[in-house]
Each structure stands twice: as C-alpha cells, then as structure tokens.
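Below: one structure, written as structure tokens.
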Amino acid sequence: MISDEQVRRRVTQIMAEEFELEPELLQPDATLYEDLGLDSLDAVDMVVALEKAFGMKMTDEEAVRAVRTLGDLFELVCRLKNQQAAKE
Amino acid sequence: MKAEVVVIGSGISGLTAAASLTKRNRQVVIVERNQKPGGALKHFVRKGIPFDVGFHYSGCLGSGGILRVLWEYLGVWSHLRVHPFPSEGNDSLILRNSEKSVQAFFSYERLEDELQQAFPNEAEGIATYLKALRDICASIPFYNLDLSLTPFLRAPLSSAKIGLAPFLTSLTKDPDLQAVLASPAFLYGVPPRQAGLAVHAMVAHAFISGAYAIDGGGQAIVDAFLATLAEAGVDILTGQEVESVLVKENQVAGVKTSEGEIYASHVIYTGHPTSLLDLVPDGIFRKAFYNRIRNLINTDSMFVVFGAVDDPGSLDDLTWVNHYAIPSGLDILDVNLKYPEESALLMTAPGRRYSDSALSDAQRGIILMRPASWDEVAPFSVDSGKARPASYKRWKAQSADRLLDQAKKLWGYSRIEPLAIGSPLTFRDKLGVPGGAVYGVQHCLNQYNPGARTRLSGLWLSGQGTLMTGIVGASLSGLVTAGEIEGLEPLWDEVRQCR
C-alpha cells in the first residue's frame, strides 16, 4: 500500500505538473487560492487530476470545498486512500 | 468586423445564446463553418421528402414547460406550430428477449396504469420510480420555475451521485421492467450502468409530462430563430471556420476566421469541448484543464436509415407512436455486439405529424435508427471531405439491409426504400463531433462536464456537452451561457415572466 508520505509527494508532483507551479511554492501551509493562485474553476480540474492519479473518487464535495491549504489536500487524499485500502 | 459577442456554432445552443443576448441589446455575430445554420436541427431533403436528423419529438413544450417559456421569451414561439401528442400517443416498446410489448404513454397516470398492467407484481417499484423522477425534477429550476438558477448550477444535486443501474435493480428483479424503466436512456445516450439517476430523471420526466411535435420539425425551429435573429440585426456568417480565439492581455479580443478577424469582448464556443483546445493560444489554460477536457467520455453514435415506403398509407399507426425494440435488462445502449442490429432500435416518422396539408403522404418519410459504435466505421475512416473507400459503401448498404430486415421482423414494414444512410462517420463530419457522438460528451456518473465559465476572461462554453443533452439541454445551455455574461438571476427572472 502507498504510504502517506508517498501520497504527499505524488500530490505535490501532480500540482506542480498539472498547474505549472514552482515546486518551492508547494508547502503544506500554502493556500490553494491565495498563495497558489487557483480559482474555483481550477478546483474541478484538480479533483479530476487527483482522481485519475490515485484511481479513486472524490465525491464528497463538502470535504473538497473545505480544503484551504495544500496540507488540507494532503490530509484529504491520504484519508480517501486509506478508506479505499480498508475497503479492498 | 466588430461585435460585442461572437458565437461560434449555429446549433440550437448558439442560436439560443445569441437570441438571449439580443434581448439584452447585445450586438451579436454568429460564425458557422457549414453552409447552412442550424446544426443537428437542420433537415435534408431526398426525393422531395424532408428528413429530420436530430429532432424527432420533444418534451417541455406544454403550458409552463421550460422550452415553451424560453421560446416565448425569445420571440420564436409565435413562429411555430406545436402539437401535443394525443393521449393515445406513446413510445411503443417491444422487449426483444421476451417479445412482451409495453406502451410508454406521455402521461404519469396512464404510464403508471400501463406498467402496472404489464407488470402486475411490481406496483411498488413502479410507483417508487415515478415518484423519484418527479421528486428530483421538483428540485431542478428548469422543471420548477419557482427556483433560482444559481444554486443548481454551482453545486451538484445530492441525487447526482445515485447510479441509475443500482436504483433500478433495487426496484425490480424483472429484466423486462428494468429495460422499460431504463429506456429513456436512448434519448440522452448514456448506457444505464454508467448513467446517473438525476440526468435520467430530467429526460424521462420531460417526456412523461407530455411529448410534442412541431410542424416542419427541427428546421422550423431553426427558421423561427433565424427570423427572430434577423429582426434583431444579428449577422450569421456561414461557411466560415473559426481558426483561433484572439487573446489580448489575458482577455478575449475576438476570433480569427477563414475570412478575417472579428473583434469582440466575449466569445461563446458551442462545439465539442475537445475541439476548443486547438483554438486557444498555448499557455492560456493549465495542463490540468487540457487533460480533463481531452479525457472526457463521449456518447456513442447512431446508424440511421432515412427511407420512403411505397404505400405510405400503411404508416398510419406511426403518426403518434414511436416504435422501439429494446433488449431486456440494462443493455439498451450496448454497442459492442457482433450483430448490433439486435440491440435497441427506433422506428419513427416525425414528418407524419406535420399538419401541413401541402405535404402529400408520399413526402412523409420513415426513420430507422440504432446505437452504433465508432469501431464499426473506424476501418473506413478518412479525413472529412475526402472520398470514402468503396468498402465503406458496401458496409453501409449491408448494415442498412440488416436494419430493414429487423424492422420487417419486428413491425412488418417490408417495403422501405433507403434514401439516405447516416453512420458514425456521417455524424462526425456533419456535426463536427469526435466519433460521431450524437449526444456529444456523456452526462454520466463520475464525469465532470465543463460549465459555461472558463479561466480566460470573455471566453464561454455552451452546447450539449456542458449543461444537459438533447434539444432541451442544448437550448438551456445557450440560455445559461448568456446568463453567465448578463447575470444569471436577472435573465432567469425575465424568462420566468413568460410562463
């Protein structure tokens, strides 16, 4: 099973590649909207990219909407990955 | 040339967006790559018979129906003669495996009676299904005009995550009833196992609430829009292809077409979303958007025979009845079959509903269609405009023969002369959709369809890939995109005043 640390690295890599962001900006306390310059339209693209990379569904819109920082996003993806692993 | 808004594409979404914007006194230009405007609603004529391509019947045209209200608002309703199907009208369904026959009436009460008679032990499942459709649509502003538009557009419905297949199998174990309840999927092009209950409800509810025909079919709708747009001074530039969207300082500046440049501060793109990517300069969208749009799942295509019968009098029962043959269970749109003719089939004759007495019976053609996959024509695919191989013509003729053979077996129509044939290749080239996807991008579970807004200021999307599919969906997408520019609720308020 993929570890939480591996999930974090992969999320960082996806955000850097898919949104063409400088890797040094991608710190856990960076806010998606202010610091990284994403907007609500990018949020859907982000969900689609993460779903594809991790082979899972992020269907809980409230949990996605609650994400403020990259750290929140790490946490959400790790939680969903662990839930998925528990089911399998 | 200058305008306030350029609309790319003159299908029903582009026409609707343009007409909505002219109501707000915007100066609009429509650019259409084909010689004639109208997209899938245009008809074509063979041997004096007009054939509809994309419009066969519609819902939402009764009193208070959203399409009627919208057309009243836009000023096109008065140009049209709309006929409700009489109470005996129905989608007549033959279950291919059991040869059971069910009449799907365009009325909740009559449909429930019919289903209960056909499936006497399934009353509870039937009632639950019909109630679910009504309940879901009561929460959708297009079916409940008291609701505001914005919350629906910005947040998905709670029912959007419920799959159609698990819902239907929880209601009934009878594969024939499952097939009957899933059959509206034919009208939005998503196989039931991939479909969501909410999208299914929107389409099914529209028809169960009443089906309508229009004199002159889809072409009459196009002509009504053209008359209205001409009055408003809208230029429609046909035979011009948009080559790129012009961008200045991260803001739309217009379009470059095959004939020149048109400067505008807003551009509405109504084509298939994937094709937009080639029109926008590099660096505008992020990679994530490109990947998302490129990977959208499309609907499958159709194989269609447009024909004439030598004894048109024998078509009487086709006037207000659409004949479907469907497989049992949830396989209605299964295209990966060795003999695709044995899948779902529709036989319809929309021209017979025209009240135009100048049309003789011999001018009222018959249309046979079945779902088709791109794989069937992939071996014959050449670029649009190039001559197709002789093997394609042979395949087309053989496939048409097999379809006619099925129509004879199922409904006894033995003397249909094919006058034209549409395949996935035809629809790819005529409608400009990848794979000939007649309903465009799938509105299915687990897919995020693009909305009207994009990251590029002044660039907007519309069309059936965005909001909803079919004539109702595409029309509403045109309204919504105009609303995103003009302010959603003020425009919605104006529309609703016409109910």
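Data table
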item: Segments B:457-465, B:208-216, B:19-27, A:32-40 sorted - mean Cβ within 10 Å per residue, highest first; result: B:457-465, B:208-216, B:19-27, A:32-40
item: Summed residue charge, Cβ within 12 Å of B:Gly271's Cβ, Lys/Arg positive, Asp/Glu negative; result: -2
item: Nearest 10 degrees, 0 to 90: helix B:217-231 Cα axis against chain B principal axis; result: 20 degrees
item: Integer Hz, Karplus 6.51/-1.76/1.60 couplings in order for the stretch A:3-16, x for Gly and Pro; result: 7, 4, 5, 5, 4, 4, 5, 5, 4, 4, 5, 5, 5, 5
item: Which listed pairs, of B:Lys338/B:Lys386; B:Lys393/B:Lys430; B:Lys396/B:Lys430, have C-alpha distances above 19 Å, in listed order; result: B:Lys338/B:Lys386
item: Amide H within-cut-off set for B:Gly254, under 5 Å, with H built and near neighbours excluded; result: B:Leu246, B:Ala264
item: Charge context of B:Val82, other residues only, Cβ under 11 angstrom, K/R +1, D/E -1; result: +2
item: Built amide H within the under 5 Å cut-off of B:Met302, gap 5+; result: B:Ala372, B:Val438
item: For the stretch B:483-499, 3J(HN,Hα) per residue [Karplus equation, 6.51 cos²θ - 1.76 cosθ + 1.60, θ = phi - 60°, Hz, x = Gly/Pro]; result: x, 5, 6, 8, x, 5, 5, x, 5, 4, 4, 5, 4, 5, 5, 8, 7
item: Expected 222 nm ellipticity per residue - DSSP helices of 4 or more, -39500 (n - 2.57), all of chain B, to 500; result: -10000 deg cm²/dmol
item: Anisotropy class of the stretch B:213-334 from Cα gyration tensor, a/c 1.5 cut; result: oblate
item: Among B:434-444, B:115-125, the order from most to least packed when residues are scored by Cβ within 10 Å on average; result: B:434-444, B:115-125
item: Within 10 Å of each Cβ in A:38-45, the average number of Cβ atoms from other chains; result: 5
item: Global form of the stretch B:52-207, assessed from the alpha-carbon gyration tensor, a/c cut-off 1.5; result: oblate
item: Shielding by partners - mean other protein chain Cβ count within 10 Å, residues of B:284-293; result: 6
item: Phi to ³J(HN,Hα) by Karplus 6.51 cos²θ - 1.76 cosθ + 1.60 over the stretch B:333-345, Hz, x for Gly, Pro; result: 10, 6, 9, 8, 10, 5, 10, x, 5, 8, 8, 6, 9
item: Built amide H within the under 5 Å cut-off of B:Tyr269, gap 5+; result: B:Ile8, B:Trp460, B:Leu461, B:Ser462
item: Average partner coverage of B:117-126, which counts Cβ from other chains inside 10 Å; result: 0
item: Cα centroid separation, the stretch B:48-67 to the stretch B:247-314 (Å); result: 23 Å
item: Per-peptide average of other Cβ atoms within 10 Å, ordering B:265-275, B:486-496, B:56-66 highest first; result: B:265-275, B:56-66, B:486-496
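Quick note: the coordinates plus some simple rules give every number you see, no bench work behind them. Since the model is a prediction, treat every value here as computed from it, not as a measurement. Glycine gets a Cβ as well: all are built from the backbone with ideal geometry, and neighbour counts include every protein chain shown.
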